[in-house]
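*Asks:* Before we start, here is the structure in question, set down as structure tokens.
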Amino acid sequence: MAEVSNTADVPAREGAAAGVVLTVFGAKGGIGKSTIATNLATAITGRTDHSVLIIDLDTRFGDIAIMMDIDAPVTLADLASNIDTLDRQTFRNALTEHESGVYVLSAPKHPREWRSMSPDQLRLVVQMAARLFDYVILDTPGALNDVVSMAVEEATQLILVTSLDMSSIKDSAYVLDLLQSEGYPDRRLLLVVNNVNQNHTLSAEDVERVLLRNVDWQIPYDARVVRTSQIGLPVVVAKPKSPSSRSLVALAGHLTGNVSMIEEARKTGFLRWLPRRLGFGGAAAE
């Protein structure tokens, strides 16, 4: 069992500007959204002095606590149901700290508890979290519902994940059309291809042709990702030199504007294809 603690020693940010909200979303399940969310959180915490909270908004499965091998006695449902009277100290006390330093607010233990929470309550939870942490990462389900809509609206940066299979690409095309029709700012959107299977016939270039949009990032297939998640450690901690780990660390560097994290991966050759238009900026730099 990974070492955890419920503590009031979360870095306080009272009076500070709201932190960056990174929403990880994809319209299909099984494409690695939770893996990306946990690894980004761990990479940012481990390689910067930023405080990070990951909130599990997956209304279907809610696997963050399992993936990080933690027992979270207080869940999102407990906080959301009392958000109107919740103070910052109580909020901090309710969080669970992973051994990596990432703080976690886990999904409800029972699916029926989602019915007791409204999107407005969840929005207030996210907004309070952003006042207390530098980065708040929202893990979402492979579906379109009111919770996802809230998470997309609150995002400083939306990380739209697709895999190299036609059903995922088709669903991503639908999401992109929907976002465009709603006037969602393109600068807040990052399209990420996650290679969750080594047996595929499509490429990132194929994705671009179908979606009529540039792929911003690609995470290589790595069997070690699954093995490390089974022991409660994100791959960026358990296997820091693996291809997927270097790519995820560099992605975290891009999102935080941390040049050294990107350069570390660039020196290994993993970022040869990175579009020049991305530069070294990130959500925090905008």
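The values are calculated or read from the model by the stated rules, or taken from the named source; none is laboratory data. Bear in mind the structure is a predicted one, so any value in this text is a computation, not a measurement. Heads up, the Cβs are rebuilt from the backbone with ideal geometry, glycines too, and the neighbour counts pull from every protein chain shown. Ligands, DNA and RNA are excluded from the accessible area calculation, which covers all protein heavy atoms including side chains. Shrake-Rupley method; radii C 1.70, N 1.55, O 1.52, S 1.80 Å.
*Asks:* Residues T85, T42, T90, T35: which one is free of Cβ contacts under 8 Å to residues at least 24 places away in the same chain, assigned to a helix (DSSP H, G or I) and more than 21 Å from E153 (Cβ to Cβ)?
*Replies:* Selected residue: T90, the only one of T85, T42, T90, T35 that is free of Cβ contacts under 8 Å to residues at least 24 places away in the same chain, assigned to a helix (DSSP H, G or I) and more than 21 Å from E153 (Cβ to Cβ).
*Asks:* Go through segment 109-160 and give me each residue that's of a type in the set (D, E, K, R) and crowded, with 16+ Cβ neighbours inside 10 Å.
*Replies:* Matches in segment 109-160: E113, R123, R131, D134, D139, E154.
*Asks:* May I pose another question? So, in segment 194-219, of the ones that are of a type in the set (A, V, I, L, M, F, W, C) and part of a loop (DSSP other than H, G, I, E, B), which residue ends up surrounded by the fewest Cβ atoms within 10 Å (Cβ to Cβ)?
*Replies:* L212
*Asks:* Test each condition in (1) over 16 Å from L40 (Cβ atoms); (2) at pLDDT 90 or above; (3) of a type in the set (A, V, I, L, M, F, W, C) for L248 and report the one that comes out false.
*Replies:* The one condition L248 does not meet is (1).
*Asks:* Kindly indicate which of T201, T140, T156, T162 is over 21 Å from S34 (Cα atoms) and either in contact (Cβ under 8 Å) with a residue 12 or more places away in the chain or hydroxyl-bearing (S, T, Y) (or both).
*Replies:* Going through T201, T140, T156, T162 in turn, the sole match is T201.
Conditions (1) open to solvent by 50 Å² or more (accessible area, probe 1.4 Å); (2) part of a loop (DSSP other than H, G, I, E, B), marked per residue:
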{"residue": "D177", "(1), (2)": "yes, no"}
{"residue": "V192", "(1), (2)": "no, no"}
{"residue": "Y221", "(1), (2)": "yes, yes"}
{"residue": "R227", "(1), (2)": "yes, no"}
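*Asks:* Of all residues in segment 180-190 being touching a residue at least 12 places away in the same chain (Cβ under 8 Å) and open to solvent by 10 Å² or more (accessible area, probe 1.4 Å), which is nearest to N145 (Cα to Cα)?
*Replies:* Looking at residues that are touching a residue at least 12 places away in the same chain (Cβ under 8 Å) and open to solvent by 10 Å² or more (accessible area, probe 1.4 Å), I get Y184.
*Asks:* Does at least one position in segment 133-147 carry a residue that is more than 15 Å from A41 (Cα to Cα) and touching a strand residue (DSSP E or B) at 6+ places or on another chain (Cβ under 8 Å)?
*Replies:* No - not one qualifying residue is present in segment 133-147.
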